[in-house]
Amino acid sequence: MNLIKVCAARLPSSWQFELKRIHYARQIKKGAFDTSEPEFKILQKFIKPGDWVIDIGANIGNYTLKFSELSGKNGRVFAFEPVPSTFTLLASNMRYSKYENITLINAAVSDSMKTVGMSMPSFETGLLNFCRAKLTIKHDCDLSVITLPVDSFKFEKKITLVKIDVEDHEAYVINGMRKLIQENLPVIIIETSSESVIQELKSFGYKTENLKDSPNIIFTP
């Protein structure tokens with residue numbers, strides 16, 4: 001497998017993209033486009049038909065597609081992904097949704113509207129690790145992206161769930177969606193180890209749950 005990855009890293013970027021696109025399309029068609037995170041298997045507890053959901057740090061869309069399926073034709077999913085190449089894969093994967101209920105936003109989420117840098121580490125094979133891309137204030141970074149606060153959006157319906165996976169940028173995301181949290185009290189599934197972020201969310205009255213072998217914390221009102 002490592003040899004395959006090393007060989008893939010030497011292919012032109014357009015070939016790498018096409019191989020990924022084909023691979024994910026096959027997974028989706030086989031019903032295997034999921035994750036190992038235990039929360040993924042119990043999302044039906046939190047999302048019902050007609051619900052509106054936000055996916056912050058959507059990556060290639062494993063959660064986004066599941067949210068679309070669970071919320072159904074009368075629901076809506078807003079998915080944020082800042083990395084252009086990953087966003088293109090996300091858009092390609094979402095074509096396989098049963099419902100036209102997904103809104104894709106090619107931007108990062110933070111506490112204000114601005115342009116920031118984003119750094120991307122590499123695997124040992126040389127392939128870029130887009131899953132670990134991080135926002136940074138450094139100027140010598142891999143690319144620049146736009147950030148938007150969730151509270152800058154005017155949602156027509158109550159948001160019932162927010163998933164956050166933003167590689168140590170959680171505090172800024174929460175600060176930029178305080179109004180939505182106060183008014184909607186959505187279930188929040190967030191990957192974080194920051195005690196300050198945990199306490200901040202608890203201050204809204206949330207209870208916490210951490211499933212076994214999961215990097216995420218589930219906050220329920």
Gained length - L143 relative to E209, 0.36 nm times residue gap less alpha-carbon distance: 20.2 nm
Calculate, in nm to one decimal, what Y96 and N175 gain on full extension: separation in residues at 0.36 nm each, minus their alpha carbon distance. 25.1 nm
Any of K73/K207; K30/K212; K73/K163; K29/K212; K66/K202; K114/K163 with alpha carbons more than 25 Å apart? Name them for me. K73/K207; K30/K212; K29/K212; K66/K202
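Each reported figure results from applying straightforward, stated rules to the coordinates on display, with no laboratory input. Computed from a predicted structure; not experimentally measured.
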